[in-house]
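Q: Quick one: structure below, then a few questions.
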Amino acid sequence: MRRTVFIGEREYFPGIGQIQYEGRESDNPLAFKSYDPTRVVAGKTMEEHLRFAACYWHSFCATGADPFGPGTRVHPWATGKTPRDRSRERVDAAFEFFSKLNIPFWCFHDFDLAFEGGTVSESEQNLCEMVELARERQDATGVSLLWGTANLFSHPRYMNGASTNPDFAVVTYAAAQVKAALDATVELGGSNYVFWGGREGYACLQNTDTRRELEHMAIFLERARDYGRSIGFDGTFLIEPKPMEPMKHQYDFDAQTVIGFLRHHGLAGDFKLNVEANHATLAGHSFAHDLRMAADAGLLGSIDANRGDPQNGWDTDQFPLDLYDCVHGMMVVLEAGGLGDGGLNFDAKVRRESTDPEDLFIAHIGGMDSWARGLLVAERVLADARLTELIGDRYRSFDSGAGARFERRDLDLVALRDLAASAGQPEARSGKQELVENLINDHIVAG
Ligand code: XLS
Ligand code: CA
Ligand code: CA
């Protein structure tokens, strides 16, 4: 259980105590129904499996503004006179929230935590100051940093990209920010460092030298990796795929694109993937698909747990309350042997219309309960011999004889042709999709 702290006189979420596990019979909206951090499932506690993190930007900076109107939430921690005062209040509010929610990790961008200064040195100084404060709050509450990152997409200087910007001066600015954000991540003991290439892509193919830009991106990542290792960062660098938005096309399109890029540039030893649900669906995949591709490659690093809306095609970053997503996601995670030093970060925002301070708790509680349920169901599904047998049976023809020789690369194309000619038409063999889907449904209602 994290220690709850209010710093100074101010409590930002009055009337809300520490959120407890009350079990499935509870009708308290401010209690966990399924997430019991100490409950052991498949050999580990729920807290160890799920490694939940809250994000700083959506929950403590954003106010619900959209392209059609201003924010709808007035944060009580954004009242200070100067940007420095407001940054400090925000840290206090955030750590009060993290500890009341009993969430073990958090994530930040450089300029959510601190405000950007007029020069590189001023920004570095602002960030150092806020890192010092965050470090104190981490020590006081027991909350740890899952990952840090640099915002290389909001400032107008990045309108044509950061590491892939056609102007070298902008690339150097991006490097300065990544250096400071890596320093901050190391200082805060972060387990991972994320690169999300928000503007690393193009708006117009005809004015872009894509070959050069991709090369620059690889060089930039190499330099960041080398610097990180030189200051003692021994965690994982993560690339977060996204196909578009804000750019028309982003180079880190989806999991398989990023895997190919990392392998091509020899970066797969230091980098893994941070798979976000809503980005996978924007790329035309399911969330579980991108998780599976990353896991199969041995590169599943961490997860941004959220969801999109099936009725529209943009990045709505909703809280992950779709049970199927959580079940399918946890099936991949458990089969992959867990998240290692990664986690489940709620890169999600409450809806613009959700304006009560308690809505932030309710949304996170729902996300944590949904993934806890996903874990419980996934464990039952994977332990069900019918599923393992069914999959084993589908591939049985490769276990021995000519199929096994094919897998060992012992058969050439002519040999394969001769086998087909002598055996005649293969029999139709059912894929049993409905059976598998029914089986998962049975386990969902069985718990
Ligand atoms: C935006 C991304 C971003 C990254 C971190 O779509 O999800 O928030 O996770 O820069
Ligand atoms: Ca994200
Ligand atoms: Ca997103």
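Q: Would you mind giving the three semi-axes, in whole Å and largest first, of the ellipsoid equivalent to segment 193-343 according to its Cα gyration tensor?
A: 24, 21, 12
Q: I would also like to ask the following. Take the alpha carbon atoms of segment 221-246, find their center, do the same for segment 120-180, and report the distance between the two centers in whole angstrom.
A: Value for the Cα centre distance between the two parts: 13 Å.
Q: A further question on this structure: Could you compute how fast segment 119-222 diffuses translationally, taking Rh as the Kirkwood radius over C-alpha pairs and applying Stokes-Einstein at 10 °C with viscosity 1.306 mPa s? Give it in µm² per second.
A: 107
Q: Mind giving me the nanometre distance, one decimal, between the label points for Arg3 and Ala176, set 7 Å out from Cα along Cα→Cβ?
A: According to this spin-label approximation, the distance is 3.9 nm.
Q: Another question about this same structure. Output wanted: per-residue J couplings in Hz (rounded whole) for segment 416-424, from phi through Karplus 6.51 cos²θ - 1.76 cosθ + 1.60, θ = phi - 60°, x for Gly and Pro.
A: My calculation for segment 416-424 gives 5, 4, 5, 4, 4, 5, 7, 8, x Hz in order.
Q: Any idea what the dipole of segment 117-240 comes to, in debye rounded to 20, about its Cα centre with Lys/Arg Cβ at +1 and Asp/Glu Cβ at -1?
A: 280
Q: For segment 296-359, count the residues as N, evaluate 2.2 N^0.38 Å, and divide the Cα radius of gyration by that value, please.
A: Dividing the Cα Rg of segment 296-359 by 2.2 N^0.38 Å gives 1.30.
Q: Here is a further query. Hey, what's the Cα Rg ratio for segment 46-161 versus the globular rule of thumb, 2.2 N^0.38 Å?
A: Relative to the rule-of-thumb radius for its length, segment 46-161 sits at 1.11.
Q: Can you give the FRET efficiency for Leu323 and Lys44, using 1/(1 + (r/R0)^6), R0 = 22 Å, r = Cβ-Cβ distance, to the nearest 0.05?
A: Efficiency computed from Cβ-Cβ geometry: 0.55.
Q: What accessible area per residue comes out for segment 36-180, rounded to a whole number of Å², with a 1.4 Å probe?
A: Heavy-atom accessible area per residue stands at 40 Å².
Q: Can you quote the Å³ per residue value for the convex hull of the Cα atoms in the chain, rounded to an integer?
A: Cα convex hull per residue, to the nearest whole number: 179 Å³.
Q: Could you list which residues have their amide H under 5 Å from that of His249, counting only those 5 or more apart in sequence or on another chain, with H placed in the peptide plane?
A: Residues meeting the amide H criterion: Tyr202.
Q: Using the structure shown, select from Lys242/Lys349; Lys33/Lys100; Lys179/Lys272; Lys349/Lys432; Lys242/Lys272 the pairs with a Cα to Cα distance greater than 26 angstrom.
A: Pairs exceeding 26 Å: Lys349/Lys432.
Q: Over all directions, average the projected area of the Cα convex hull of segment 366-447 and note it in nm².
A: Averaged projected hull area, Cα only: 7.9 nm².
Q: I would also like to ask the following. Any idea how far the Cα center of segment 390-447 sits from the one of segment 308-357, in Å?
A: Going from one Cα centre to the other spans 33 Å.
Q: What base-10 log of the normalised intensity I(q)/I(0) is obtained for segment 183-249 from the Debye formula, alpha carbons as equal point scatterers, at q = 0.17, 0.19, 0.25 Å⁻¹?
A: Reported log10 I(q)/I(0), two decimals: -0.70, -0.81, -1.09.
Q: For segment 251-265, what does the Karplus curve 6.51 cos²θ - 1.76 cosθ + 1.60, with θ = phi - 60°, yield as ³J(HN,Hα) per residue in whole Hz, taken in order and with x for Gly and Pro?
A: 5, 7, 3, 8, 4, 5, 4, 5, 4, x, 4, 4, 5, 4, 9
Q: While we're on this one: Just subtract the alpha-carbon distance of Arg396 and Thr72 from 0.36 nm times their residue separation and send over the number in nm, one decimal.
A: Between Arg396 and Thr72, full extension yields 110.9 nm more.
Q: So what is the relative contact order for segment 76-195, in percent, with contacts set as C-alpha pairs under 8 Å and at least six apart?
A: 26
Q: Then there is this: Kindly state, to the nearest 0.05, the FRET efficiency for Arg10 paired with Glu389, given R0 = 45 Å and r defined as their beta-carbon distance.
A: Once rounded, the FRET efficiency stands at 0.15.
Q: Provide the FRET efficiency to the nearest 0.05 for the Asn28-Ala428 pair, computing r from the beta carbons and using R0 = 45 Å.
A: For Asn28 and Ala428, the calculated efficiency is 0.25.
Q: Also, quick follow-up: Averaging sequence separations of C-alpha pairs under 8 Å and six or more residues apart, then dividing by the length of the chain, give the relative contact order as a whole percent.
A: With pairs under 8 Å counted, the relative contact order is 14 percent.
Q: What is the set of long-range amide H partners of Leu238 at a cut-off below 5 Å, with H atoms built 1.01 Å from backbone N?
A: Counting only residues 5 or more places away or on other chains, the set is Tyr193, Val194, Phe195, Lys272.
Q: Roughly how large, in nm² to one decimal, is the mean projection of the convex hull of the alpha-carbon atoms in segment 267-316?
A: Computed as one quarter of the Cα hull surface, the answer is 3.5 nm².
Q: Using alpha carbon centroids, what distance separates segment 48-99 and segment 196-217, in Å?
A: 32
Q: May I pose another question? How big is the C-alpha Rg of segment 1-111 next to the rule-of-thumb value 2.2 N^0.38 Å, as a ratio?
A: Relative to the 2.2 N^0.38 Å estimate, segment 1-111 comes out at 1.23.
Q: Sticking with this one: Compute the length gained on full extension between Trp314 and Ala336: take 0.36 nm times their separation in residues and subtract their Cα-Cα distance, giving the result in nm to one decimal.
A: 5.0 nm
Q: With +1 assigned to the C-beta of every Lys and Arg and -1 to the C-beta of every Asp and Glu, and no other charges, what is the dipole magnitude of the chain about the Cα centre in debye, to the nearest 20?
A: Magnitude of the dipole: close to 360 debye.
Q: Over the chain, with a Gaussian network built from C-alpha contacts below 10 Å, which listed residue (Ala65, Ala176, Ala297) shows the highest mean-square fluctuation?
A: Ala65
Q: Continuing with the same structure: For the chain, set up a Gaussian network in which alpha carbons nearer than 10 Å are linked by springs, and say which option among Arg380, Arg405, Arg229 fluctuates the most.
A: Sorting by GNM fluctuation, first place goes to Arg405.
Q: How high is the relative contact order of segment 30-115? Use alpha-carbon pairs under 8 Å, at least six apart in sequence, and give a whole percent.
A: 32 percent.
Q: At a 1.4 Å probe radius, which order do Glu129, Glu213 fall into by accessible area, largest first?
A: Glu129, Glu213
Q: For segment 289-402, take the convex hull of the Cα atoms, compute a quarter of its surface area, and give me that in nm², please.
A: 9.5
The values are calculated or read from the model by the stated rules, or taken from the named source; none is laboratory data. Note that the structure is a prediction, hence the values are computed from the model and not measured. In this analysis, Cβ positions are derived from the backbone assuming ideal geometry, glycine residues included, and neighbour counts consider all displayed protein chains. The protein model used for the area step is the full one, side chains on, heavy atoms only, and it has no ligands, DNA or RNA in it. Shrake-Rupley method; radii C 1.70, N 1.55, O 1.52, S 1.80 Å.
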